[in-house]
Amino acid sequence: MSPSEVPWRYRLETRQSIPIMVGLVGVLALLLTLGYLHAREQILASARAQMAQLVGSIARQDDYNRNWLERGMQPLVRLVATFPHLNTQEQKAADANLSAIISDTRGRQIVDVLLLGENGKVTVRRYDSKKLLSVGSPSTTKWTRQRVLALTTPEWHAPEVDARRNLMLRYSVPIVDKDSSGKAQNIGVCSVSLAISWFADRVRSFSPFKNGSVFFLSQDGKWTLPPQDDIPLARLKARILAHASGESRLIWNDKPYMAVYMPMAGGKLHLGLLIPRKDLFGDLDRLTHLLGIIGLAVLLLAAYSLHRTTETVLSPLKPLGQLAARLARGELEADPQTPAPGPATRFPDEAHRLRQATEKLRQALHQRMQDLTLIGQTRERLFGEMTFARNMQESMRPPKLPHTPDMEVAAFVHTAGDVCGDMYDYFSQSPRRLCCVMGNAAAHGVPAALLTSRVIPLLHELLLSGLAPGKALENCNRVLGPAASREQHMVSVFVGILDLDDGLFRWASAGHTPPFRSLGQEVNQLDWTGNMPLGIRDKETYPEREIRLRPGESLLFVGPRLLSVQDAQGRGYGEEALRCFLARNTEAPTGLVRALYAQIRDHAGGPPQDDLTFFAVCWRGDVAGDKPQPPVDPWNVSSEAAGRQEP
Amino acid sequence: MEIQVCRAQAAYIIKLSGRWDTFSSAAFERTCAALIQEGMRLVVIDVADVDYVSSFGLRSLLNTGKILEPLQGRVHMSSLQPQVRKVFVGSGFSSLFPEYPDVDTALRAFKDKA
């Protein structure tokens, strides 16, 4: 049987390996995922902490810048307050002085001086650290007369991002002058703007993410990053404006980035940091990849180990399973393709020992099946021989005698088995002498049949030769004695000869039950002679006795088992029951034996369990009446008195 | 058939009860064979409670007697019921195994013959 022919239910290794492997893969993947998520969260938390530190640093820097601007604004305001009273030459000198005051040390500084004219118009004068840049209308600075007059105290404007994407701080201070009446009035505004181009670089220097990009986003949607034509950046801006703080992933310039952002300056400005993903999670990704490769290697190693282990454990079970399957199919012959199990190669090897035991079981079953086949053949042969013995025994039974008016004989045989140990015979020794033989072998089955098949023909021939019953039994005992004595068998026989002319019945008995004689309601049993059965003593003699029957008188020869037939309560049929039966039934022998068997059957409650044999002889006398009968007493037994005393 | 065995000095007393037929004769022979192995030589078979004896019963008794004969053993029968005695005596077995009216008489007969 090839491995592919082994049913799946026997291929245990596959059924066991698959769920174990799936379980290991699942556990490994779960551990990696949980570890990755935990590490990623830790990294993001670290990034948020860094951002918080940046916000703090920027706040401090912002305060510093504001203080610097506020201090620098004071001489400017004092100088500008003199502008309405200066002539043209003085104005030029004042412009030069003002530009000298302006400093670019913290970024490009632009100062707008907005003055209210007498006609109510607002004039704007713009300066940088070098010169007066322009003088014009306030439309470029969005200052109106009302707004100028409304500014009464210094004001910090919200941080903005200028066109050059620089963060710009703006501080405005009102310019107050006294009129002719000495009343202070607002004559203009001095507004200074500080464009901090270096601010992002300064912030970046504080951050551990060297490749990160720090950006500011103002409330009006302007930021220090490139213009919003990039869709991912536009989405990022919308997300920052919507959520104020958090993290977001994006692809920028074909590279993955992680953006971390949070509000600052009271929510008027957002600080963000774009970090390349490889800088943020590069180590984690490398570690994850390394762990994945190690886990996969361990998994493959575990799978191989599991496969080897299951192969080692289950390989001895494969031939055992095949052997069990063959036993289940009834194939008990040795499989030439499967070698017999040799000695165990290691200890302990329970599977090997189990296979050896199963192989022995197969051999025992095979041997038992062969034995059963042989027993069946022997039984069939014995059955044939028994059938032959039964047929032979039946063929040895006496044939029906020719019908004569002065005599009638009827026999009945019930065989419980195939053959029985009862024997009977009746035949004519001479035209007017009827020999009657009734016997029983103290054995069952074939031994009994063999004994009876030897005794009956022997007695038949001895009686036909003219011997008297006693002599015939003596000769038969001498022939039978040695073998029967050696085999511990014995045969009880009753032999009698009826003279049909005068009714004289002469008999001898070898330990057998004597027959019953009946006439009308008179029933008597002939006497026991006290002689031993055949086969016990070689020189046993069998004295003869004789009686004279009356016309119409019957003799019933019975086997020993008839009187012992038991009913349901275990009571034997008994001699008294037989006497009563004979007293009530005076019919001819044919009807008599049938009625007797019916009564025995009723007594036993069914067919008797043992062999039963009996036959009846009725002598009707000289029906022609041409021969005178001698006047004898029929019950007077004339004994030869040479044998044993009657019991 | 029930078989009870007891000892009376050198002799054994085997008391049988029931029917001494085909089936019980085998048990009787086995019992006697085992007792002979133990050393039984003199035995009284009490058949007071036996109501039937078949030819197989007689044969088993005969076989036991044949085993004891070369061992100088003897078998005495006692307390035969009429129907059993009729068969026992009528079959000539009383010439092989003497019968006695009771067990004590049978036991005394061993001493007398000794």
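The values are calculated or read from the model by the stated rules, or taken from the named source; none is laboratory data. The structure displayed is predicted, hence computed values, not measured ones. Backbone-built Cβ (ideal geometry, glycine too); neighbour counts: all protein chains shown.
See the values below:
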item	result
Some residue of the range A:624-634 being at pLDDT 50 or above and either surrounded by fewer than 12 Cβ atoms within 10 Å (Cβ to Cβ) or more than 14 Å from chain B (Cβ to nearest Cβ) (or both)	yes
Qualifying residues in the range A:424-439 (those that are more than 14 Å from chain B (Cβ to nearest Cβ) and in contact (Cβ under 8 Å) with a residue 60 or more places away in the chain) - the one nearest to the chain's Cα centre (by Cα)	A:Tyr424
Matching residues in the range A:258-311 - criterion: being under 29 Å from A:Leu30 (Cβ atoms) and of a type in the set (Phe, Trp, Tyr)	A:Phe281, A:Tyr304
Qualifying residue in the range B:2-17 (condition: within 10 Å of another protein chain (Cβ to nearest Cβ), out of contact with any Gly (no Cβ under 7 Å at 6 or more places or on another chain) and surrounded by fewer than 22 Cβ atoms within 10 Å (Cβ to Cβ))	no
Members of the range A:71-121 found to be on the phi > 0 side of the Ramachandran plot and either touching a Leu at 6+ places or on another chain (Cβ under 9 Å) or buried (at least 17 other Cβ atoms within 10 Å of the Cβ) (or both), listed by number	A:Gly107
Qualifying residue in the range A:605-619 (condition: of a type in the set (Val, Ile, Thr), in contact with a strand residue (DSSP E or B) (Cβ under 8 Å, 6 or more places away or on another chain), at pLDDT below 90 and assigned by TED's automatic domain parsing to the domain that holds A:Asp501)	yes
Where A:Ala340 falls short, out of the listed (1) surrounded by 11 or more Cβ atoms within 10 Å (Cβ to Cβ); (2) in a helix (DSSP H, G or I)	(2)
Filter result (hydrophobic (A, V, I, L, M, F, W, C) and away from chain B (no Cβ under 14 Å)) within the range A:503-515	A:Leu504, A:Phe505
Per-region count, the range A:546-600, residues outside any helix (DSSP H, G or I), away from chain B (no Cβ under 14 Å) and without any contact (Cβ under 8 Å) to a residue 12 or more places away in the chain	2
Helices (runs of 4 or more DSSP H) contained entirely in the range B:25-113, each with at least 3 residues that are modelled with pLDDT under 90 and more than 10 Å from every other protein chain (Cβ to nearest Cβ)	B:103-113
Residue in the range A:489-501 that is within 11 Å of chain B (Cβ to nearest Cβ), farther than 26 Å from A:Ser430 by Cα and without any contact (Cβ under 8 Å) to a residue 24 or more places away in the chain present	no
Test: residue in the range A:273-280 that is of a type outside the set (A, V, I, L, M) and in contact with a helix residue (DSSP H, G or I) (Cβ under 7 Å, 6 or more places away or on another chain)	no
A:Ala442, sole failed condition from (1) hydrophobic (A, V, I, L, M, F, W, C); (2) within 23 Å of A:Gly530 (Cα to Cα); (3) more than 14 Å from chain B (Cβ to nearest Cβ)	(3)
Residue in the range B:32-53 that is of a type in the set (Ser, Thr, Tyr) and over 23 Å from A:Gln488 (Cβ atoms) present	no
The lone exception for A:Val419 - which of (1) under 28 Å from A:Pro482 (Cβ atoms); (2) at pLDDT 85 or above; (3) not aromatic (Phe, Trp, Tyr) it fails	(2)
Residue under evaluation A:Leu464, criteria (1) surrounded by 19 or more Cβ atoms within 10 Å (Cβ to Cβ); (2) modelled with pLDDT of 90 or more, criterion not met	(1)
Top-ranked residue of the range B:18-52 - restricted to ones that are surrounded by fewer than 20 Cβ atoms within 10 Å (Cβ to Cβ) and among the polar types (S, T, N, Q), ranked as farthest from B:Leu68 (Cα to Cα)	B:Thr22
Residues being at pLDDT below 85 and of a type outside the set (Gly, Ala, Ser) - total across the range A:41-50	4
Residue among A:Pro447, A:Pro402, A:Pro431, A:Pro457 that alone is surrounded by fewer than 14 Cβ atoms within 10 Å (Cβ to Cβ) and closer than 23 Å to A:Thr513 by Cα	A:Pro457
Given (1) closer than 23 Å to A:Asp502 by Cβ; (2) at pLDDT below 90; (3) touching a Gly at 6+ places or on another chain (Cβ under 7 Å), index of the condition A:Ser564 fails	(1)
Strands (runs of 3 or more DSSP E) within the range A:446-528 that include 1 or more residues among the hydroxyl-bearing types (Ser, Thr, Tyr)	A:491-499, A:504-510, A:516-519
Candidates A:Leu306, A:Leu327, A:Leu291, A:Leu382 - the one that is under 30 Å from A:Met423 (Cα atoms) and in a helix (DSSP H, G or I)	A:Leu382
Test result for A:Thr345, among the hydroxyl-bearing types (Ser, Thr, Tyr), under 23 Å from A:Ala334 (Cβ atoms) and at pLDDT 90 or above	no
Hits in the range A:523-539 (condition: more than 7 Å from chain B (Cβ to nearest Cβ) and either surrounded by fewer than 22 Cβ atoms within 10 Å (Cβ to Cβ) or at pLDDT 90 or above (or both))	A:Val523, A:Asn524, A:Gln525, A:Leu526, A:Asp527, A:Leu534, A:Arg537, A:Asp538, A:Lys539
